[in-house]
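A quick write-up on the structure given underneath.
The values are calculated or read from the model by the stated rules, or taken from the named source; none is laboratory data. This structure is a prediction, so every number in the text was calculated from the model and none was measured. No Cβ is skipped: glycine too gets one built from the backbone with ideal geometry, and neighbour counts run over all protein chains shown. Areas reflect the complete protein model, heavy atoms only, side chains present, ligands, DNA and RNA absent. Shrake-Rupley method; radii C 1.70, N 1.55, O 1.52, S 1.80 Å.
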Amino acid sequence: MNEQGNLSINSENFLPIIKKWLYTDKDIFIRELVSNACDAVTKLKKLMLMGEADHIPADEEFAVKVVLNQDQKTLQIMDNGIGMTHEEIKKYINQIAFSGATDFLTKYQEKEEGDNEIIGHFGLGFYSAFMVANKVEIDTLSYQEGAAAAQWRCEDGIDYEMEDGTRTERGTTITLYLSEDGEEFMEESKLYAVLQKYCAFMPVPIFMDVVKKEEITEEDKKQDNVIDVSSKEDDQEKQGESTEGTDGEKQEEQAEDKVVPLNDPEPLWLKQPKDCTDEEYKAFYHKVFFDLNDPLFWIHLNMDYPFRLKGILYFPKLVENMDVVEGQIKLYSNQVYIADNIKEVVPEFLLLLKGVLDCPDMPLNVSRSALQNDGYVEKMNSYITKKVADKLNHLFKADRTAYEGFWDDIGMFFKYGCMKEETLYDKIKDSLLLKTTDGHYETIAEYLEKNKEKHENKIFFVTDEDQQAQYIRMFKEQGLEAVIFTSPIDKPFVSFLEYKNPGVKVQRIDADISDTLQEKADGEESEAKKQADESINKRMETLFRGVLGNDNLKVKAQNLKTADVSAMILLSEDSRRMMEMMEAYGNNEQYKALFANIKPDETLVLNKSNSLIQFLLDAAEKEEKKEECDMICHQVYDLALMSHRSLTSTEMTTFIDRSNRILEKLAELEK
């Protein structure tokens, strides 16, 4: 039998055929061809279970073998699966875009209830071979008793030849004659890396072999389309050869020579969570993600209804700077790798984690535009978010001490997650911790309840523990505490907390002192006292504006609860947030006009309880004290500024020079 012709392209599937030439990654052909080979084995195993292939031994060993012949520039993918007849080649290969897997399932769906484990789509995926090959051959023999072997070849992706084959072993061998576009896959390391990328967890053992010119024998040439996964010892036993030495030596030699597949056909995520040990979870994490550190904890997903989803999400030890966090969520479909970090499938906040998700109902070639409005994806996202929240709440309730121990590593992640998925916040708000300046970890409710007598419905926070040390010390002296928000993610998280907690004001520790650090007089202030305070404020504002050369400076003189601090600079919370917005978007042309006339609303608060300020109040209008007053005004302002923000290089130089002059004057007074 000899047949020639042109490949028949199904008109309604013409566009996908064109698109297959536009694969982003050329190496995708490995995934398509090896998954087809695994598919062929899976089909046959199903038939055996259904009693449709009783002539095949129950203990048959199935495998896929990938053979690279560097001398002949060929790449072969071999399987001992279901094989094909002449008619099946005509249908599944010659008529492009008919899915053999779909037809198979349709034929047997009434006979066998169960999971759809057919991962290949023989037809379209097969033609990805022409991305790297200028000639492709198929040698196949169907599992059906009495079937004739068939051979098919195509040199240009359009014209084909088909004839009777000589194959005597059940299965299929695809031979690719690599073109110039496929030369990179002639390198053993490159081929191995691609196989690991796409096939690391495919459901059938996969073996790789590299044949060099000196290794090829006449017998190899005759048998190169037959899969053989037996070990050296098995070959020796079949040939009646004896091996000298003790039984122990034989076992040791067998252990050394045993062929190991490059993939793991039964990955950990397929097991029931109750059957997995902590050691197995950690070992899987180290193997897949090449991270030497142990994960903090993990979540094993195992969903069968209303959709199928399995996987493991790991929480790695995160770094403080969110900019350098690199997560990796690997997406699979029936153990076949699809891609990393597909945000249309994986909730965006999870992309900071590491893990694997296996979605059997997800097509191998996903269309991101289609996924954006996919109901299945929305349900999957909701399920994953719920499982993450359940795990966090369980850890919080089961062992709070341990939970607090790794909160610094996971806190940033969950803050980000809450802002991206509000439903996550609603689920974990009672387990969301705030670290305070006293070293405590408190929930939002606990912090508000603990401090309601001192500042009801207010959450104070610090953004730099070193720079704002003065404010923190003043807080501690009054038995107050602030929340530590030093991560970049905390800037937007402050506004988010206010949004999710109506009536609660969240403000930085230097935004307001009226209710926390100011010394208040007993009873109602007299009108004379108010006028005296107003007079002092005007005198000090005039003094500092004149000395500093800043006519817009706001100055207030107040009694603080501590005498050690001479002055503080306050920036209202609203003004500070506007400044941060300017910093983030100031270079954007769209926002330049909006920010053009915005100035920071800063106030210099002078502490009337401090001796330096008392000196200024007494000596401000004395001409003989002008030099000392000027120097003290500058120094007080700079000290306050240093607790508010970092000094510029010019400001710091001036401050150091002035400090030296002050020390010199003190030394002169001691003489």
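Between the alpha-carbon centres of the stretch 392-425 and the stretch 171-201 there is a gap of 43 Å.
Packing-based ranking of 432-442, 286-296 yields 432-442, 286-296, ordered from highest to lowest mean Cβ neighbour count within 10 Å. Amide H contacts of Asn134 (H built 1.01 Å from N, in plane; Pro and chain starts excluded): Tyr177, Ser179 sit under 5 Å, all sequence-distant by 5 or more or on other chains.
When nucleic acids and ligands are ignored and a 1.4 Å probe is applied, Met581 ends up with an accessible area of around 80 Å².
Please label the shape of the stretch 150-198 as rounded, prolate or oblate, based on the square roots a ≥ b ≥ c of the eigenvalues of the alpha-carbon gyration tensor (a/c under 1.5 means rounded; beyond that, a/b larger than b/c means prolate, else oblate). Oblate shape, in that a/c is at least 1.5 and b/c is the bigger or equal ratio.
Distances between placed amide hydrogens fall under 5 Å for Lys317 paired with Leu296, all partners being 5 or more residues away or on another chain.
The 3J(HN,Hα) values that the Karplus relation (6.51, -1.76, 1.60; θ = phi - 60°) gives for the stretch 537-542 are, in residue order, 4, 5, 4, 5, 5, 4 Hz. Gly and Pro appear as x. Relative contact order for the stretch 45-85: 28 percent, from Cα pairs under 8 Å spaced at least 6 residues apart, divided by residue count. Only protein heavy atoms count here; under a 1.4 Å probe, His644 has an accessible surface of about 10 Å².
Close amide-amide hydrogen proximity is noted between Val211 and Leu68, Asn69, Gln70, each under 5 Å apart and 5 or more residues distant or on a separate chain (H modeled in the peptide plane; Pro and chain starts excluded). Taking every C-alpha pair closer than 8 Å and separated by at least 6 residues, the mean separation divided by the residue count of the stretch 393-528 gives a relative contact order of 23 percent. Sorting the segments 88-95, 506-513, 627-634 by their mean number of nearby beta carbons within 10 angstrom, highest to lowest, gives 506-513, 88-95, 627-634. Of the peptides 457-467, 202-212, the ranking by mean beta-carbon count within 10 Å, highest at the top, reads 202-212, 457-467. Each residue was assigned an accessible area with a 1.4 Å probe, and for Tyr332 the value is about 10 Å². Are any of the pairs Lys476/Lys500; Lys26/Lys420; Lys435/Lys561; Lys46/Lys197; Lys287/Lys387; Lys379/Lys415 more than 31 Å apart by Cα-Cα distance, and if so, which? Too far apart for the 31 Å limit: Lys26/Lys420.
Between Asn501 and Asp278, the FRET efficiency estimated from the beta carbon spacing at R0 = 35 angstrom works out to 0.40.
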